[in-house]
Structure formats: C-alpha cells, structure tokens
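The values are calculated or read from the model by the stated rules, or taken from the named source; none is laboratory data. In this text the structure is predicted, and so the values were computed from the model without any measurement. Heads up, the Cβs are rebuilt from the backbone with ideal geometry, glycines too, and the neighbour counts pull from every protein chain shown.
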Amino acid sequence: MDGYVERLLWVDLTERRVWDEPLDEEWARQFVGGSGLAARILYEMVDGDTDPLGPENPLILMTGPLVGTPMPSAGRLSVCALSPLTGIWGESNTGGFVGPELRFAGYDGVVITGRADRPVWLSIVEGRAELHDAADLWGLDSYETQERMRAALNEPKARVLCIGLAGEREVKFAAVMNDHGRAAGRTGMGAVMGAKNLKAVALRGTAKVPVADPDGLKAVVREINANVDEDMAAMALRLAGTAGYVDMALMYGDLPIRYYQQGEWEPASNLSGVLLADQYLTRSTACYRCPIACGRETRAPSYGLEKADGPEYETLGALGSLLMIDDLEAVIYAGHLCNRYGLDTISTGCTIGLAVEMFERGVLTPADTDGLELRYGDAATVHRLIEMIARREGFGDLLAEGSAALADRFGVPDLAVVVNRLEVPMHDPRAFVGMAVTYALSPRGACHMQGDMYGVDTGQGPPVELGVVPGDRFDDSEEKGRIAARQQAWRNLYNAMILCQFQNPGVERVLRALDAVTGWGLEVEDLLRLGKGIVTLKRRLNLRRGLTRANDRLPDLLMRPLAEGGTEGTVPDLDRLLAGAYAEFGWDPQTGTPPD
C-alpha cells in the first residue's frame, strides 16, 4: 500500500506485551487514517458500558497517508480514545514532529490497551518497541519528561509524547504533550494515558514513507510552497500566529468575553497578537515541513519566565478575555502552567470561568473554594487554580472534573457552556452562525476544528469545489446548515489524511497530493464521500454510547442575544440549520440517526 507503512503496533500494558499487526487495507481505503481510522478500530473494541478510564478503553495514536511525506504541513498525529470528560468519542490532534517520527520509527499507528501495574514508558526506535520502568519519571512535568526521554535513548532528536502531573492525577481534561509545548489538548487523552500508568512514548527512526508517484508529489508540493506567500491567511499566521486573530474576533463579536455573556470589552485589545509579537515574542516556530511557522516562543519577564510556548488564540481567549484578564504576561504565564502540567487550555479557562460566574452569582461561596474569592480579572487566583487543578488539591479536585460536572454538582447544569460535556472554544456561534452546526454535531463535543465556519465566511480557503461557499455570517438557512455539514466532512477528512487546517492549498491540490501518495485515483466528489463516511462512523459510535437527537443542541448562554458588539443581537436558528445538516449527511431528520 503506497502511503502506508502497513504496520500497527499493539501494546497490552496489563500483560506487558508488544506485537505488530498488519494494517487493514479495506479500512484504510474507507477511513484513510488519523482519527477516521482510529474510530474504525475503536468501534470494534468498545461498547456502551466501556469505562473511559478503564483498562479496556484503547488509546490510539494514529498517523495518516500524508504524514511524514514531503507534503507541507502534514506533520500531525491523532490521539484517540473514549473521552473521560464527555463519555463519548474522544480525539485530539497535535502538531510538531511526533506524527512523522512515528512513521519513521516504522508504524502507521499504535493501539494501547490494558493498564500497567506500575508506571511505564514506551520506546519505539527503528521498528523495535519496548516497555520500560517509569518510576523515576512519575511526578515530573512535561518539559522535564521530554528531556529525560531523550537522555534515556541517547537520542537528542527523539520525539516524545508524555503527560504531566494533570495526566497522572487523571484530570478529566489533561493533555498529551509533545515537542516542548505542543499538545493533543482536548477531550482528556492525557487522563486516559495516566489511567494506564503510561508516562511517555519516545520515538526515533529513519524509515521512509512509500509514495506512489514521487515526481507528481514533488510537483504539487512546489506549487503549494510557491503560493504560500500569496495566501493572506497564511501570511497573517506567519506574522502574528493564531493570536493575530484577536482583533478581528473582537470586531466580529467572535471572541468570548465574561464567560460568553458580554459583547464588547475594550481592554481585550491588550491581548492582540500584534502586541504579543512586538513585546514578548522571541522567535517563531514551525512544525514538520511547515512553510507557515505560526508557532510562538515568548517570554514573561514579570514572572521570571524567559521561554514559553505560545500563547495561541484559544489560550488568549480562554485564559484572557473569558476571565476578563487583559494582562498579556499573565496569560502567557497561565498558558505556560497548563503546558507544564499538561492541561487543555480551553477546558481549563472555561471551567475556571464557570466557577467565577458561579461565585459572582452566589452559587459558590468561600466555603466551597477553600476560602478563595473568585472574581473576574484576578490573574493571580487563576494561576493558583491551575496549580490546584493539576494537583487535584482542594477545590481544584472539583474543577478537575470539568465544567459540566461542576455545574451538575451545584445544581446549575444550564450554566455550563458545553456541548456534550466538552467546553465550547473561543468562537461564538452568534458571530458565525454556521458554527452552531459545527458545535452541535461535532463528534467529540464542542470543537472549532470540526468545521471552521468562521474561516469559511471570512474567505480563508474554503473548498468551494465541494459546495462550501462563503456567505453571510448571520445566514441560518437550511442551505447554510448543508454548507456547515460539508465543511465538517472536509475537516474530518483533513484529520484523517492528516493535514494541518492552516494549510489550505485548495481541493484540486489536496486531491493531487493524496493521489500522488496513495495512487488511489480519486475524484473530487470522493473527498466529500470519504469525509461524510468518517463523520457518520463517529456518529454511530456516539449513538452506541447513549447520545440522541436531543444532544444536538447549544448551551443556554449561547442562545441568548448580546445587546452590544459584533453579533448584533443574533441567535442562530439551530433547528433550521440542523435540518439542512441532517439532509446533507443523509441522517433521519427526526432522530438524527444514519441509515442502516
């Protein structure tokens, strides 16, 4: 199979056994790779009763056919399992170099089951896998762990996936960290890793990914790289990183403020990516074969921090504007703490934001919060809460369960801004109503990377050949629902190939690249078919886990119009949008279920 190493590594931690299995060619052709192929494998291994933190829940690391090839920005890895935060399908996606290194080490993916009786780490070097004792690593932060792994292998260029203290303590939104401060952040994959007593996976190899048409791939790669400088969105990312979106988000009303309840806040401009670049940026960083280099290395001298990763736009929103904090250094430091302990910055900021809102409303009192006064704008308390969450210390133990659990515990479930128990990211569906479909139907719960309609309606590389056409951001017609469904299918295919969503060279070039790597001879319409098939598979898995049509909804706070700001009092007509999306996917309009 061109485009594949054709080998999966299986690891049984309970039995301390590792072995190779051949890649299923039919599954690869149908679900491609990444989170698509991982979902197909998981579908055979779990049922409605599987405990996400139990040994029977497999943790799957999966690459795709483009990963590790010369294709620009194809350096990603999917980390998948049932989510301990949501109870349904969980997937996260990380950049850096770990995805390509896994293929160079000899595998398309890794399936990890069971639970070790004591902490272990896994090495995969030149096609050979081995489990090692990790007692001396347990308790180390993510940065220290990565350094120790490279030293243990005597390989300074080894790539490492690991958990920090949050994963060890099974914080429900713990991240898997890699390449210094890169993260597979969402849905609690770090908690799954911690529950398995698996501290780290270290990778090193020199194998090559077989390609069907090397000359054809080189040709399309040259075209993509030559046109990056003409891509305005890519250039903006190169200059200011994802943080460069802050000012635009403020204009559109897309940046959540005061726990999604305020439409304008002038100090939010202090979080601008331009200011970040001007005052705190030390250098830009890039993932494997990425011509954009949107990564940021920064500093926060007020906190004695001379080297920090990020912050990205989502971190600036979740740990900044959402909490009414406009001190850029304070947000940089908060993001650094999350990276150090291995926490998803979105869920961390949102859960703290919910706690602050509950305190302001009198639902929480100092008796509940270990005497802490929770107020908007208090950066020092946010930093303290991040530490408490990672350690599951006192009130932090409650926060470590996530927003939905916190709201349930204190009898205010409707106050949590979650979809299927996953915290909503920093894009407001009142600003781009197509995002209402993205959130409601995202297979992993609220997720902006499952169909970035804010990018579509601002013209950032939409796949118009697939019927994803930019339009009025407030249009909540059935046709907009169809467009959002098509974009969701496209991004699910991206997460299967796997290609970074900041790389948007157009449908024709993506198709040529995929065909040059695999030799499949696909047509344009096949891309949408593959993407829809992946979305539908994940839907079936979630229905097995107990989701119903009633779960396709937005939280109450997002269905209330804001009086000021860029949303202009808009609330999406979710029923109308979903009618279009169900029709596009071919699902039953009453039950939301796919046909047999």
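At-a-glance table
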item: Qualifying residue in segment 164-173 (condition: in contact with a Cys (Cβ under 8 Å, 6 or more places away or on another chain) and either part of a strand (DSSP E or B) or modelled with pLDDT of 95 or more (or both)); result: no
item: Among the candidates Ala446, Ala390, residue that is within 23 Å of Leu82 (Cα to Cα) and in the same structural domain as Gly362 (by TED's automatic domain parsing); result: Ala390
item: Residue that is more than 19 Å from the chain's Cα centre (by Cα), in a helix (DSSP H, G or I) and among the β-branched types (Val, Ile, Thr), where the choices are Thr145, Thr187, Thr206; result: Thr145
item: Options Leu61, Leu9, Leu42, Leu85: the member that is touching a Phe, Trp or Tyr at 6+ places or on another chain (Cβ under 8 Å) and in a strand (DSSP E or B); result: Leu9
item: In segment 313-339, the residues that are out of contact with any Lys or Arg (no Cβ under 8 Å at 6 or more places or on another chain), not in a helix (DSSP H, G or I) and not β-branched (Val, Ile, Thr); result: Leu319, Gly320, Asp326, Asp327
item: Of residues in segment 567-581 being out of contact with any Asp or Glu (no Cβ under 7 Å at 6 or more places or on another chain) and either surrounded by fewer than 12 Cβ atoms within 10 Å (Cβ to Cβ) or not hydrophobic (A, V, I, L, M, F, W, C) (or both), the one modelled with the lowest pLDDT; result: Glu568
item: Residue in segment 73-84 that is surrounded by fewer than 24 Cβ atoms within 10 Å (Cβ to Cβ) and of a type outside the set (Asp, Glu) present; result: no
item: Listing of helices (runs of 4 or more DSSP H) fully contained in segment 372-487 that carry 1 or more residues being farther than 26 Å from Val171 by Cβ and of a type outside the set (Asp, Glu); result: 434-441, 453-456
item: Count of segment 540-572 residues which are among the aliphatic types (A, V, I, L, M) and either without any contact (Cβ under 8 Å) to a residue 60 or more places away in the chain or not in a loop (DSSP other than H, G, I, E, B) (or both); result: 6
item: Matching residues in segment 98-107 - criterion: being assigned to a loop (DSSP other than H, G, I, E, B) and either surrounded by 24 or more Cβ atoms within 10 Å (Cβ to Cβ) or among the charged types (D, E, K, R) (or both); result: Ala105, Tyr107
item: Within segment 125-142, tally of residues that are in contact with a Phe, Trp or Tyr (Cβ under 7 Å, 6 or more places away or on another chain), in a loop (DSSP other than H, G, I, E, B) and surrounded by fewer than 23 Cβ atoms within 10 Å (Cβ to Cβ); result: 2
item: Qualifying residue in segment 321-330 (condition: closer than 27 Å to Pro84 by Cα, in contact with a helix residue (DSSP H, G or I) (Cβ under 6 Å, 6 or more places away or on another chain) and buried (at least 24 other Cβ atoms within 10 Å of the Cβ)); result: yes
item: Condition broken by Ile224, with the remaining ones in (1) assigned to a strand (DSSP E or B); (2) out of contact with any Leu (no Cβ under 8 Å at 6 or more places or on another chain); (3) of a type in the set (Val, Ile, Thr) satisfied; result: (1)
item: Scope segment 508-526; condition in a helix (DSSP H, G or I), under 22 Å from Thr63 (Cβ atoms) and more than 22 Å from the chain's Cα centre (by Cα); matching residues; result: Arg509, Leu511, Arg512, Ala513, Leu514, Asp515, Ala516, Val517, Thr518, Asp526
item: Total residues in segment 259-306, condition crowded, with 18+ Cβ neighbours inside 10 Å and small (Gly, Ala, Ser); result: 6
item: Candidate set from segment 340-362 (those that are small (Gly, Ala, Ser) and outside any helix (DSSP H, G or I)); member that is surrounded by the fewest Cβ atoms within 10 Å (Cβ to Cβ); result: Gly362
item: Neighbours by Cβ (under 8 Å, 6+ apart or cross-chain): first from segment 25-36, in a helix (DSSP H, G or I); second at pLDDT below 95; result: Glu25/Met1; Ala28/Met1
item: Condition check for Thr438: crowded, with 24+ Cβ neighbours inside 10 Å and of a type in the set (S, T, N, Q); result: yes
item: In segment 105-142, residue farthest from Met45 (Cα to Cα) [restricted to those that are within 27 Å of the chain's Cα centre (by Cα) and acidic (Asp, Glu)]; result: Asp141
